[in-house]
Structures are given as structure tokens and as C-alpha cells.
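Derivation of every value follows stated rules applied to the coordinates shown; laboratory data play no part. A quick note: this is a predicted structure, and the numbers were derived from the prediction, not measured. Glycine also receives a Cβ, built like all others from the backbone with ideal geometry; neighbour counts cover every protein chain displayed.
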Amino acid sequence: MNSIVAIVGRPNVGKSTLFNRLVQRREAIVDSVSGVTRDRHYGKSDWNGKDFSVIDTGGYAIGSDDIFEEEIRKQVALAIEEADIIVFVVDVEEGITPMDAEVAKLLRKVKKPIFVTVNKVDNAMREADAVEFYNLGLGDYHTISSINGSGTGDLLDALVVEMPEPEPVDLEKDELPRFAVVGRPNAGKSSFINALIGEDRNIVTNIAGTTRDSIDTKYNRFGFDFNLVDTAGIRKKSKVKEDLEFYSVMRAVRSIEYSDVIILVVDATRGFEGQDQNIFWLAEKNRKGVVVLINKWDLIEKETNTMRDFEAMVKKQIEPFTDVPIVFISALTKQRLFKAIETAVEVFEKRKKKIPTSKLNDAMLDLVKSYPPPATKGKFVKIKYCMQLPTQTPQFAFFCNLPQYVRDPYKRFLENKLREIYDFSGVPITIYFRQK
């Protein structure tokens, strides 16, 4: 599982600029598709062969100056609880402010790696001024200029030293699939899990997970055998403010990275809201299988096409990744619970599906011959060969003479055809074009 790096600090010290610089190091995580910017404060990055998630707490501070301090305190407390590594950003121009001292006071009690990062250090004079930040009592500091990138390489070198070595992936290892039940508070996650487990408690063995809040519940009923990652413990706040959304996203990141298939529980009475979209895109970015459960369907007044219209609305919100199974359930009346689990198991099987190279070439090369990539600037792309890569999730490489001239619409066309021919419903697919 990847480490989570949280960027904390008071407003206007350059947290978001540093965040953008960290996550945009890889072109793969800069998505041009609509929707991915909805969770713009969460990103994926890698350095020296280690992948990690980055969360910018700054995007969640709200209101005017007089309530900033309380909000920042909440964000830092949440980051301390959920993140593995904390980057505390301060501003060399302003020196140590009372709010910086307040954040440092919280961080001094923490046993996690903390990196004091002095921003806006772009000359030797400011380098000397940064010495002041030893007074925060958090040890050594790193000087950077997030606007032009100086010092960020050294900071990343130090960050990845604190991250565990990635475990070698054994694709043959037959582990139980992990299904994470995620969603907004009050969507019915707990009810869904309780309805699945039922009264027969001997089918439940609690295994402490690698994270503090996710408990693996081994489920072996009706011929199914899997681990259910219970994330029902998202705190419920008396007032729904930005910090609730921040907390939910932090929990969702942790749970999603720990799982194979994400079961996203949506409250039918509230529709498919922004928070549901955020969690969906987190799952998609992490290349996990996704099943959407529309819960509390028993409370909805039905007409002839109610289910069809609701499904169309959800798919409109999650474009362009619309090939996702949507199951309408009621955890209270136990309606379609078996169907929900059956669908999640199917998605897991599709996610690890391997297509023989000869069969893949037979199907796809005929298709490419009939519908070749459009010519760009008078250049004709000829695709010679394709194969599925030996990765945990479905990824395909197409070898051609001019990979740089293949545009996104054609990639989506091939992705749709792969889905159509091989049934990858609920599973994100990655397609690469390589020089032959």
C-alpha cells in the first residue's frame, strides 16, 4: 500500500503550488478527462521508484480570516491522524507567525516523520533567514521554492527514505480479494455490512488490518470467500463543513489503496452528490474495480423508468468511465444484497483477467485494419502488434510506427472495443502506444 503524504500549514504559504509540483511530475496523473479535477486536492506521485499519495489540506480551509485558525487546527489534526508523513510548509518572507507556532505545537506531539519545509527561498539571503525555523522545535528543515522547483528534489529524496520499500508483486499469489465499502456518512455502509454479516457470527473473523481504522472481516457465505474492508467508521460531524469532506477523502484514500474492488454505497434519497463523485474518481485513479450500490431504494417512489433514469444520471456524472455496474439495493429490507456481492466478485475476476497475446492480436488487429487511427499532419499510424502487460490491473501496449500521433479519441475507441469484446465492466483499463 502506498504511503500518504499530507501537506499542512497556514494559508498562503504555497502548499497548493508545492502539491501541484509534486503530483505533476508524472504525465500519467495529469488527466484531460472531465471530472478528475473534482478531487483536485488529492494526487498520485512517485520518486525514485516509490509511489505515494499526496493530500493538500489547504484546499479545505474555508471562511474569512477570523475562522482560519480553527479550521487549520482541524486540518492538521486530521492529517496527523491519517497521513504517514507530514510536510509542514512555512513562509520565509513572513517568518514564524502565531499560527505556525500553533501548528508546530500540535506536530511536536506526533511520532510520524515531519518535514519542516521553508518555502519561497530563492536566494542566498533568504537561505540565511530560514535559520529562524529551528525555533519551531521540529529539528532540521528543508528550503525550497515551490514556484520554480528549487529544493524540491532534495525534499523528495528525504521523503522517500521514510517510505517502506515496495513489496514485490506476486501475480500468481492467490490471496483473498479485498472489497472496501466506502461512501459518504449516512449512506448506509454500516447497514449494508451488518446485513451481509447477519446474525450468524461464526462466519466473521476480525483480522487487524495494516491501517488503524480498516478492519478485514473474512466473509465466506453463499460460496463466496473474500475480505470485507469495513470503512464505516467515518466520523459524523454535527455540522457538515469542509472538514467532514476532507476527513472522508482521507479515509477513502486509505481504504481504496488497501483494496481490490471498491463498493461505493450511495444514498438514493440524496442522489449522486459531489462527495460520491470524489470517492469514485479516487477509485478510478487508483485503478481499482468499482461497483456502485444505490442504497435505500425502498424509500424511492417508483415510476416506469425510475431505475433507468437514475442509472443514466449516475453515468452522466462519472463520464467518460461509464462502464460500471450499478446495483439498486436496500440494506434494510436486504433487497439485492446477493446481487451486489456477486457483482463485486465478478468485477474482481475481470480485474485479474489475462488475455492470450495471440487471441488479442487476432481480435484487435482486424479491428485496427478496419478502423485505423486518423492521419495527423499527413502522418499515417500503422499498428503492428499488441499485448497485455504483466500488471495487476488490465494494461495494454499497442506497438506502432508513430505513437506520438495517436490521439485520445482513438485510445478511447480501442478501450471501448476491448471492453465490448472482453467484458471489463467496472475495471479501469490503461492503454499505451509504443514505438515498434
Study note, to complete from the structure: Under 5 Å from the placed amide H of VAL92, counting only residues 5+ away or on other chains, we find ASN119
Check your understanding: Given the C-alpha centroids of the stretch 96-123 and the stretch 303-341, what is the distance between them in whole angstrom?
Key -> 46 Å
**Study point:** FRET efficiency estimate (nearest 0.05) - Cβ-Cβ, ARG308 to LYS417, R0 30 angstrom
**Key:** 0.75
Check your understanding: Past the 29 Å Cα-Cα mark, which pairs from LYS315/LYS350; LYS189/LYS285; LYS15/LYS315; LYS339/LYS417?
Key -> LYS15/LYS315
Review point. Taking 0.36 nm per residue of separation and subtracting the Cα-Cα distance, what length does fully extending ASP51 through VAL161 add?
Key: 38.4 nm
Revision key, fill the gap. Here, the stretch 314-422 modelled as identical Cα point scatterers in vacuum has Debye log10 I(q)/I(0) at q = 0.10, 0.20 Å⁻¹ of -0.41, -1.14
Revision key, fill the gap. Between TYR385 and residues 5 or more places away or on another chain, the pairs with built amide H atoms under 5 Å apart involve PHE399
**Study point:** Relative contact order (%) - the stretch 316-436, alpha-carbon pairs under 8 angstrom, separation at least six
**Key:** 27 percent
Review point. Which ³J(HN,Hα) values in Hz, rounded to whole numbers, follow from the phi angles of the stretch 316-321 under the Karplus curve 6.51 cos²θ - 1.76 cosθ + 1.60, where θ = phi - 60° and Gly and Pro get x?
Key: 5, 6, 9, 4, x, 8
Exercise for review: Could you run the Karplus curve 6.51 cos²θ - 1.76 cosθ + 1.60 with θ = phi - 60° over the stretch 287-297 and give me ³J(HN,Hα) per residue in whole Hz, x for Gly and Pro?
Suggested key: 6, 9, x, 10, 10, 9, 9, 8, 8, 6, 5
